[in-house]
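In what follows, a single structure is set out as structure tokens and then discussed.
The values are calculated or read from the model by the stated rules, or taken from the named source; none is laboratory data. As the structure is a computational prediction, the values presented were derived from the model and not from experiment. Note: ideal-geometry Cβ built from the backbone for every residue, glycine included; neighbour counts use all protein chains shown. The protein model used for the area step is the full one, side chains on, heavy atoms only, and it has no ligands, DNA or RNA in it. Shrake-Rupley method; radii C 1.70, N 1.55, O 1.52, S 1.80 Å.
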Amino acid sequence: MRVETNDRVIKRNRQIAQYSFFVSMGVWLSSMLVTFPGILGDRADTGAFSILEVGLTFALPFALVLALFAIHMTNLWIREPRPEQAIREGLKGVSKKSVLYHYYHSPAKHVLIAPQGVFVLIVRWQQGLIEVDGDKWRQKRSLAARIGGAFRLDNVGDPINESKRAINYLERVLEPIAPDVDVQAIVVLTDPRAELDETDSTLPIVYADEKNKRSLKNYLRNHPDKNNDFPLTPEQITAFEEATLPSTAS
């Protein structure tokens, strides 16, 4: 299997996560130094820092939002195994003709072209119990954990709408190249500690971990179209990459 990964996007977002954290911590520490009496000496009679104190007071909500954003970005781009790592490891040994793309086709962040078809892989990295009832997804959490997750943007979200956006995007890109190709979506759980309580899910749900009986690799091995012709010709794959991968565009 050939893997194409947009390392520039990974590096940029990892830096954003790190810078956001340090800036938010810098604002908090500056606020403590300026507002707590005695840290910078006695200034009760001078009022020397009054303007700075007011400014930092108003900056604290911004620092809180930035810290939550940093946590969210850390979960997505620094926390290991990262999605592209887990998927790549889980697909070791699949057909050499397959091609896996990471972060070139947003909102289709992970795209797999294999003998079984063309797939967008919708990743969920959360651990714990995930309940799925048809199109409805939710994590089994306490109220406090759900509120915290909402602020940190790390709830399980809506994989159904995400898959629809990803499929629509990829179909538009492929329309002039391979108009008859059917794009399918698979939800991939990258944390082996995730537990699934599923009732009539409208999307296939698998684990990235190849040791799991419900792994992505096993799903592809048992796919009804595994013996069909490859969905795209080499020429179509080249055209697709020329249209979407900066490194191959002429």
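For Tyr19 paired with Met1, estimate the spin-label separation in nm (one decimal), with each label point 7 Å from Cα along the Cα-to-Cβ line.
If labels sit at Tyr19 and Met1, their model points lie 3.3 nm apart.
If R0 is 30 Å, what FRET efficiency do you get for Gln127 and Glu235 from their C-beta distance, rounded to 0.05? Spell out each step's value before the answer.
Values: r = 42 Å, r/R0 = 1.41.
Step by step, r from the Cβ atoms, then E = 0.10.
Straight-line reach from Lys140: which aspartates and glutamates have a Cα under 17 Å away, not including same-chain ones fewer than 8 places off?
List returned: Glu131, Asp154, Asp158, Asp191, Glu195, Asp197, Glu198.
Rounded, prolate or oblate: which one fits segment 186-250, using the alpha carbon gyration tensor with axes a ≥ b ≥ c (rounded when a/c is under 1.5, else prolate when a/b beats b/c, else oblate)? Intermediate values should be presented prior to the final figure.
Details: a/c = 2.72, a/b = 1.88, b/c = 1.45.
Prolate.
Pulled fully out, how much extra length does the chain show between Asn218 and Val9, if you take 0.36 nm times their separation in residues and subtract their Cα-Cα distance? Working shown, then result.
Numbers: separation 209, 0.36 × 209 = 75.24 nm, distance 2.96 nm.
Gain in length upon complete extension: 72.3 nm.
Classify segment 147-243 from the C-alpha gyration tensor, please: rounded if a/c falls under 1.5, else prolate or oblate depending on whether a/b exceeds b/c. Spell out each step's value before the answer.
Numbers: a/c = 2.40, a/b = 1.47, b/c = 1.63.
Verdict is oblate for segment 147-243.
State, as an integer percentage, the relative contact order of segment 174-218 based on alpha-carbon contacts under 8 Å between residues 6 or more apart. Walk me through the intermediate numbers first.
On the way: 43 pairs, mean separation 14.5, N = 45.
Answer for segment 174-218 is 32 percent.
Got a sec? Which residues in segment 168-206 would a label at Arg138 touch, if it sits 7 Å along Cα→Cβ and we count backbone N under 19 Å?
Within reach of a label on Arg138: 195-203.
Just the number please: accessible area per residue for segment 182-250, 1.4 Å probe, all protein chains included, in Å². Write down the numbers at each step before the final one.
Working: 3990 Å² over 69 residues.
Here the residues of segment 182-250 average 58 Å² of exposed surface.
Can you compute the FRET efficiency between Asp180 and Ser95 using 1/(1 + (r/R0)^6), with r the Cβ-Cβ distance and R0 = 25 Å? Round to the nearest 0.05. Walk me through the numbers before you get to the answer.
On the way: r = 21 Å, r/R0 = 0.84.
Efficiency, rounded to the nearest 0.05: 0.75.
Name the lysines eligible as straight-distance cross-link partners of Lys226: C-alpha to C-alpha under 25 Å, and not fewer than 8 places from it in the same chain.
Lys92, Lys96, Lys97, Lys109, Lys164, Lys211, Lys213, Lys217
For Lys11, which aspartates and glutamates qualify as cross-link partners when the Cα separation must be under 16 Å and same-chain residues fewer than eight apart are set aside?
Hits, sequence-local ones excluded: Glu80, Glu84.
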